[in-house]
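Asks: Dropping a structure here in structure tokens format, bear with me for questions.
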């Protein structure tokens, strides 16, 4: 078995572990109510007001784990379990997404960089696998195709790493506000911190996995040059 497959399988296992750990924590913390008895929607609306943000709407989006902030439409979109539930898990997720709205309002640098990369990365993601496949098949005759594929994949990897400070900072803003606003108590604040930290680990694993894959494709190209 090549070193690449060992690394690939290792990251698959690590990704499963982080996802499983995240699910376990959110399932457990979904049973712990917040002290003020606020739903995710109410937590989000209060955090936005406390940060002087009045042009962002909190909406409910179908499904689970579909929570996100849309900077174009200026909406905090909460999944149904988060939007309607009063729990530490729901409060943590809602506050995290509002953390992105706060970043947007104060022109947080990494968020601006990530937003600028979105159109380019969207294009790269649509074509990268096909270009890499063609590049590996035609590596002997048209190595430039493989080089293009590596460049496209490098853009997606860059996006993964730019995402890290954006997500970590949003969680930091969220946990700090949850505590100062009295949404969490000293007894359960650690749960919110733990849940968001576990969520951040999924982004770290994804970024490192993307980097490892990029290095593999780059080494494939360099071996052919030799």
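The values are calculated or read from the model by the stated rules, or taken from the named source; none is laboratory data. Owing to the predicted nature of the structure, the values given are computational and were not obtained by experimental measurement. Note that we place each Cβ from the backbone using ideal geometry, even for glycine, and neighbour counts take in every protein chain shown.
Asks: Tell me which of these residue 192 doesn't satisfy, since it passes every other one: (1) touching a residue at least 24 places away in the same chain (Cβ under 8 Å); (2) surrounded by fewer than 17 Cβ atoms within 10 Å (Cβ to Cβ).
Replies: (2)
Asks: For the list (1) under 17 Å from residue 192 (Cα atoms); (2) out of contact with any helix residue (DSSP H, G or I) (no Cβ under 7 Å at 6 or more places or on another chain); (3) surrounded by 14 or more Cβ atoms within 10 Å (Cβ to Cβ); (4) without any contact (Cβ under 8 Å) to a residue 40 or more places away in the chain, I need the number of the one condition that residue 67 fails.
Replies: Condition not satisfied by residue 67: (2).
Okay, residues lined up against (1) closer than 22 Å to residue 193 by Cβ; (2) touching a helix residue (DSSP H, G or I) at 6+ places or on another chain (Cβ under 6 Å); (3) surrounded by 22 or more Cβ atoms within 10 Å (Cβ to Cβ):
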position	(1), (2), (3)
46	yes, no, no
49	no, no, no
56	no, yes, yes
60	no, yes, no
73	no, no, no
76	yes, yes, yes
80	no, no, no
84	no, no, no
105	no, no, no
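Asks: What about residue 111, is it more than 16 Å from the chain's Cα centre (by Cα), in a helix (DSSP H, G or I) and in contact (Cβ under 8 Å) with a residue 24 or more places away in the chain?
Replies: Details: more than 16 Å from the chain's Cα centre (by Cα): no; in a helix (DSSP H, G or I): yes; in contact (Cβ under 8 Å) with a residue 24 or more places away in the chain: yes.
No: the conditions fail for residue 111.
Asks: Give the residue that is nearest to the chain's Cα centre (by Cα), with candidates limited to residues of segment 116-135 that are under 30 Å from residue 52 (Cα atoms) and exposed (fewer than 14 other Cβ atoms within 10 Å of the Cβ). Working first, answer last.
Replies: Going through segment 116-135, the residues under 30 Å from residue 52 (Cα atoms) turn out to be 116-119.
The next check asks that each one be exposed (fewer than 14 other Cβ atoms within 10 Å of the Cβ); those that pass are 116, 118-119.
Numbers: 116: 16, 118: 13, 119: 17 Å.
The residue in question is 118.
Asks: Sticking with this one: Restricting to segment 195-226, give me the number of residues that are free of Cβ contacts under 8 Å to residues at least 40 places away in the same chain and either under 21 Å from residue 40 (Cβ atoms) or assigned to a helix (DSSP H, G or I) (or both).
Replies: Result for segment 195-226: 6.
Asks: Hey, does segment 159-167 have a residue that's part of a helix (DSSP H, G or I) and modelled with pLDDT under 95? Lay out the reasoning, then the answer.
Replies: Taking segment 159-167 and keeping what is part of a helix (DSSP H, G or I), we get 159-167.
Narrowing the set further to residues that are modelled with pLDDT under 95 leaves none.
Within segment 159-167, none of the residues are part of a helix (DSSP H, G or I) and modelled with pLDDT under 95.
Asks: Look at segment 136-180 and say how many of its residues are over 15 Å from residue 197 (Cα atoms) and either in contact (Cβ under 8 Å) with a residue 24 or more places away in the chain or under 18 Å from the mean Cα position of the chain (by Cα) (or both). Talk me through it step by step, then tell me what you get.
Replies: To start, the set of residues in segment 136-180 that are over 15 Å from residue 197 (Cα atoms) comprises 136-162, 177, 179-180.
Retained after the next criterion (residues that are either in contact (Cβ under 8 Å) with a residue 24 or more places away in the chain or under 18 Å from the mean Cα position of the chain (by Cα) (or both)): 136, 139-140, 143, 146-147, 149-150, 152-162, 177.
Of the residues in segment 136-180, 20 are over 15 Å from residue 197 (Cα atoms) and either in contact (Cβ under 8 Å) with a residue 24 or more places away in the chain or under 18 Å from the mean Cα position of the chain (by Cα) (or both).
Yes or no, residue by residue, for (1) farther than 24 Å from residue 49 by Cβ; (2) out of contact with any helix residue (DSSP H, G or I) (no Cβ under 8 Å at 6 or more places or on another chain):
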position: 158; (1), (2): yes, no
position: 162; (1), (2): yes, no
position: 176; (1), (2): no, yes
position: 183; (1), (2): no, no
position: 188; (1), (2): no, no
position: 196; (1), (2): no, no
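Asks: For segment 9-21, does any single residue satisfy the condition of being surrounded by fewer than 18 Cβ atoms within 10 Å (Cβ to Cβ) and more than 24 Å from the chain's Cα centre (by Cα)?
Replies: No - not one qualifying residue is present in segment 9-21.
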